[in-house]
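Each remark here refers to the structure printed beneath this line.
The values are calculated or read from the model by the stated rules, or taken from the named source; none is laboratory data. Just so you know, these numbers come straight off a predicted model, no measurement behind them. Every residue, glycine among them, receives a Cβ derived from its backbone with ideal geometry; neighbour counts consider all protein chains shown.
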Amino acid sequence: MNRTLAILAITPGLAAALPARATGLAACDSDPTSGGQAAETLEQQLVGQGWTVRRIEEDGGCDAVDALDATGRRIEADFHPVTLASASTRR
């Protein structure tokens, strides 16, 4: 019984000590988005790489893209709105 209580008492402290998992969104939030480029500019860049863009929307400071890559695989990717650099990609 005492062992169980001791484990329950230290569990919250252990969880707080774990490092946060990086999502890639910090790259978009770290710079001001004023002066961001138009979604059409990002779409043109991606179409030039052979992508078929389905949707672009703002999400967490990034331009979130739902698209098909040149091989036809579905991609969800985040791009910085000012630099249009890739912040993260999920296939």
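Brief remarks on what is shown
- For the stretch 58-80, filtered to residues that are in contact with a helix residue (DSSP H, G or I) (Cβ under 9 Å, 6 or more places away or on another chain) and at pLDDT 95 or above, the residue that is farthest from ARG91 (Cα to Cα) is VAL65.
- Figure legend. Inter-residue proximity from the stretch 38-56: first residues among the small types (Gly, Ala, Ser) and outside any strand (DSSP E or B), second residues at pLDDT below 95 and loosely packed, with under 14 Cβ neighbours inside 10 Å, beta-carbon distance below 7 Å, spacing 6+ or different chains. Indicated pairs: GLY50/ALA70.
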